[in-house]
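Here's the structure, in structure tokens; my notes come after.
Taken together, the values in this text are just the output of simple stated rules run on the coordinates, not laboratory data. Computed from a predicted structure; not experimentally measured. Don't worry about glycine lacking a Cβ; one is built from the backbone with ideal geometry, like all the others, and counts go over all protein chains shown.
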Amino acid sequence: MDLTAETAYFKSKIRKAYADDLKRMASIPPEAIGAVLNENPFPLSPEALEIIRKQLEYSFSDRQDKGATILSDY
């Protein structure tokens, strides 16, 4: 299943809607991908939408929450 064109469409919508955040290297809001996919103009199956969602999350979700740091070697 080739979803290249559909994925590109959704990427472009996210880039346009969140241009300022992306310029500042900030992550987009967690609900952004779902909101864009809800405005789906294509006749896509739920499986296809899930594939596109995963591709969009991979492209735009580089957020890292607090983590742990190892300060000494045990």
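Taking a sphere under 13 Å around the Cβ of Arg53 and counting the other residues whose Cβ falls inside, with K and R at +1 and D and E at -1, yields a net charge of -3.
Taking only the C-alpha atoms of the chain, the Rg (one decimal) and the largest Cα-Cα distance, Dmax (whole number), read 15.7, 56 Å. Relative to the longest principal axis of the chain, what angle (0 to 90°, nearest 10) does the C-alpha long axis of helix 4-17 take? The answer is roughly 60 degrees.
Descending by average beta-carbon neighbour count within 10 Å, the peptides 37-43, 9-15 line up as 9-15, 37-43, the highest first.
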